[in-house]
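Participant: First the structure, then my questions, so here it is.
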Amino acid sequence: MSQHARSTESTFSARKRSTSEILRRVAIFLSPYPWLAFCTVAAAVLSLLASFAFPKLTQYAIDEVIAKSRGDLLAPAMIGLLAAFFLRDAFSALRVLVNNQLEQSVIYDMRCAVYARLQRLPVGYFDQRASGDLLTRVIEDVNAVERVLIDGLEQGVVAILSVIGVAAFLFNMNATLAFVAISPIPVLAGGALWYTLTAHRRYRKQRESSSAMNALLMDNLQGVRQIKAFSRQVHEDGRFSKRAGDMKTAQLGIMRVWAIYGPTMSFAGAAGFALVLWAGGSLAIAGKMTSGELVGFLLFLHLFYAPMGQLHGLNQMMQSARAAGERVFDILDTVEERTVRDGGAALCEPVRGEVEFTNVNFAYSEGKTALHNINLHAKPGAMIALVGPTGAGKSTVVNLLPSFYEATSGLIAIDGQDIRDLSLDSLRRHIAVVSQEPFLFNGTIRENILYGKLDATNEELVSAAKAANCYEFISCLPDGFDTSVGERGVKLSVGEKQRVSIARALLKNSRILILDEATASVDTATERLIQEAFEHLMSGRTSFVIAHRLSTIRKADQILVLRRGEIVERGTHEELIQRGELYAKLAHIQNTSTIEEGFEKLAVAT
């Protein structure tokens, strides 16, 4: 299984943050849209004010029209009531329209900000995180954070204003009943405080379990052929069932608490309503208030308790957003690669391609050194072959050159310029990489080759394809260059994908080339085509080749033999053969298809 399948739950965690910090950070995304935010709240407030007319007009209709048999006043009263309802719903419709515009704008900005930061994080960040987890953060968690920003802002402001405004009406109408009406508030406030203090860990667990399930799903979809090849469907059913079960348990944990909390708060409000009706009924029977006044008071009371229910729902939303916000800001707060040197210098043109490593050391983590005192000098246009057993540090050496990882100590220079002083854009623009496992995007062949130079002409495209020995097979496809390659290039063979990736590198036309030579999985005819494409690609370029076959090594200007992160031998093929050391023993081993196999045989022999 891939790295994602081996990820632990800690992969999906994020640093704890307070609710106030999350709200403050999220509010920044509102700053570009002050008028949309204002109009959303204003429309909601106007809709609320229009609804205030309903209790007063109802009271008037009962006491002044119905009780006094004033039929002449009934029509005007009902027209006024209909007008109030119309204004309420008209402002509500306006609120929905403006709110949706604001909501989608903020989601767009936040999602683009998270994605942009992901694109600029160091490679090591992705080594420790599952793709499905990051996907969940960009899609689901951003939505959860946005909800508290938009819906929470609107509902919170309106609910608070409604509670304050209605309370003023209630005390103005009848102070005695108003004190009865607010009697459940200690219960409501205490319940809200308890829920706030205990909800966060439940929502955190729910977000993490969702990410874990999505990570496994993405991993299995990408590895579906391996699952089928090993007949592991039942095994994967069990793994997914466990992850889905964890999410089910986390979700049920939230809903069980809400099933108690929500109805309890509702009952407290209903009890307050019943107490007011009890006390108000007694006052009405005693003749101390009219029936219309009691009905009007009860209708206002509904407008008092309903916003409190909204505040409890908002509390639930806020706790969910807090857990999601921690995961979103975990990405936004991660330091970009080489942030300090973003305004660095550019490689001096024309780039010659001279590369030097001087006393370079590197460790992926503290105490786990991967490279020791690496020194090498590649002249412009030279071919440097790196050989060694699996885990010797070959890939690590070449990954330091384009700053996928930063050297722990030492100096790496191109044309005499320290790469630490260069902008990443300038550095990487002059380095092309062809990996052992070529990656193609889910698009057309044309789009994948043009990735090397987005503004390339059709002539340049065709020329690169011919040099990479892929033009012939592309021409035979029904849609030619516009043929879709599928996810990760699944519709093409390994050899075809490799040649398309070589064409992409050729189109980039960089002076420095990193090549993880890979022909072990193809037939002899395809291998010959790939080798010819490699020769075109390396011509006139400084090339670093992680060699897997002796046939490639013989042509190298310099061969570096690595073992346990150190260069133990260097020289040309003939020089190393004459020394009679490790490389010479490797070269004399028979029946070895790859260099790695040769080292394994040497290890067994010694």
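Participant: Label 7 Å along Cα→Cβ of GLU581; the stretch 360-391 residues with amide nitrogen under 20 Å?
Facilitator: 360-361, 371-378, 384-391
Participant: So, one more: Taking the simple approach of a point 7 Å from Cα along Cα-to-Cβ for both ASN458 and ALA286, what is their distance in nm?
Facilitator: Here the modelled spin labels are 9.4 nm apart.
Participant: State which entries of LYS497/LYS555; LYS228/LYS585; LYS368/LYS491; LYS491/LYS555 exceed 30 angstrom in Cα-Cα distance in the structure shown. Display every interim value, and only then the final one.
Facilitator: Numbers: LYS497/LYS555 25 Å; LYS228/LYS585 41 Å; LYS368/LYS491 40 Å; LYS491/LYS555 33 Å.
Exceeds cut-off: LYS228/LYS585; LYS368/LYS491; LYS491/LYS555.
Participant: In debye, nearest 20: dipole of the stretch 15-332 around its Cα centre with unit charges on the Cβ of K, R (+) and D, E (-)?
Facilitator: Details: 32 positive and 22 negative charges, 237 e Å.
Value, rounded to 20: 1140 debye.
Participant: Taking the Cα atoms of the stretch 15-332, report the difference between the largest and smallest coordinate on each principal axis, in whole Å and largest first.
Facilitator: So the extents along the principal axes, rounded to whole Å, are 86, 39, 35.
Participant: Relative contact order, percent, of the stretch 36-118 when contacts are C-alpha pairs under 8 Å separated by at least 6 residues? Walk me through the intermediate numbers first.
Facilitator: Details: 54 pairs, mean separation 39.7, N = 83.
Relative contact order, the stretch 36-118: 48 percent.
Participant: Between ASP72 and HIS302, what is the spin-label point distance in nm, taking each point 7 Å from the Cα along the Cα→C-beta axis?
Facilitator: So the label points at ASP72 and HIS302 sit 3.2 nm apart.
Participant: I need the shape label for the stretch 439-509. Rule: rounded when a/c is under 1.5, else prolate if a/b > b/c, else oblate, with a, b, c from the alpha carbon gyration tensor. Walk me through the intermediate numbers first.
Facilitator: Values: a/c = 1.44, a/b = 1.30, b/c = 1.11.
Rounded, since a/c falls under 1.5.
Participant: How would PHE171, PHE357 line up from fewest to most surrounding beta-carbon atoms within 10 angstrom?
Facilitator: Working: PHE171 15, PHE357 22.
Ordered by Cβ neighbours within 10 Å, fewest first: PHE171, PHE357.
Participant: Would you kindly state how much longer the chain becomes between ARG111 and SER475 on full extension, computed as 0.36 nm times their sequence separation minus their alpha carbon distance, in nm to one decimal?
Facilitator: Numbers: separation 364, 0.36 × 364 = 131.04 nm, distance 3.94 nm.
Length gained, ARG111 through SER475: 127.1 nm.
Participant: Still on this model: If the viscosity is 1.306 mPa s and the temperature 10 °C, what Stokes-Einstein diffusion coefficient in µm²/s follows for the chain when Rh is the Kirkwood radius over Cα pairs? Don't skip to the end; give the middle numbers.
Facilitator: Numbers: Rh = 29.9 Å.
It comes out at roughly 53 µm²/s.
Participant: May I ask you to list the aspartates and glutamates whose Cα is less than 12 Å away from that of LYS56, ignoring any residue fewer than eight positions away on the same chain?
Facilitator: Correct list for LYS56: GLU64, GLU293.
Participant: How much length is gained if the chain between LEU332 and TRP258 is pulled fully straight, taking 0.36 nm per residue apart and subtracting their Cα-Cα distance, in nm to one decimal? Write down the numbers at each step before the final one.
Facilitator: Working: separation 74, 0.36 × 74 = 26.64 nm, distance 3.11 nm.
Extra length available between LEU332 and TRP258 comes to 23.5 nm.
Participant: What does the charge count near MET110 come to, summing +1 for each Lys or Arg and -1 for each Asp or Glu among other residues with Cβ under 12 Å from its Cβ?
Facilitator: Values: positive: ARG25, ARG111, ARG117, ARG137, ARG147; negative: GLU103, ASP109, ASP141, GLU146.
Neighbour charge sum, excluding MET110 itself: +1.
Participant: Can you sort ASP89, ASP63, ASP219 by how many other beta carbons sit within 10 Å, fewest first? Before the final figure, lay out the partial values.
Facilitator: Numbers: ASP89 13, ASP63 16, ASP219 23.
Going from sparsest to densest Cβ surroundings: ASP89, ASP63, ASP219.
Participant: How charged is the neighbourhood of GLY452? Take every other residue with its Cβ under 10 Å from the Cβ of GLY452, and add Lys/Arg as +1 and Asp/Glu as -1. List each step's numbers first, then the result.
Facilitator: Details: positive: LYS453, ARG504, LYS508; negative: GLU460.
Neighbourhood net charge equals +2.
Participant: Rank these for me by crowding, VAL106, VAL545, going from fewest to most other beta carbons within 10 Å.
Facilitator: VAL106, VAL545
Participant: Over the stretch 15-332, what is the mean sequence separation of C-alpha contacts under 8 Å (at least six apart), divided by residue count, expressed as relative contact order in percent? If you can, show how the numbers build up before the last one.
Facilitator: Details: 309 pairs, mean separation 107.1, N = 318.
Taking the mean separation of contacting Cα pairs over the length of the stretch 15-332, I get 34 percent.
Participant: Gain in length, PHE86 to ALA346, computed as 0.36 nm per residue apart minus the alpha-carbon separation, to one decimal in nm? Kindly include the intermediate steps, with their values, before the conclusion.
Facilitator: Numbers: separation 260, 0.36 × 260 = 93.60 nm, distance 6.44 nm.
Full extension from PHE86 to ALA346 adds 87.2 nm.
Participant: Same structure, new question: Given N residues in the stretch 236-279, what is Rg(Cα) / (2.2 N^0.38 Å)?
Facilitator: On the way: Rg = 18.9 Å, N = 44, 2.2 N^0.38 = 9.3 Å.
Normalised Rg, Cα atoms only: 2.04.
Participant: While we're here: Between VAL224 and ASP127, with labels modelled 7 Å along Cα→Cβ, what's the label distance in nm to one decimal, could you check?
Facilitator: Roughly 3.1 nm, to one decimal.
Coordinate-derived values only; no laboratory data. This one's a predicted model, so the numbers in the text were calculated from it and none came from an experiment. Every residue, glycine among them, receives a Cβ derived from its backbone with ideal geometry; neighbour counts consider all protein chains shown.
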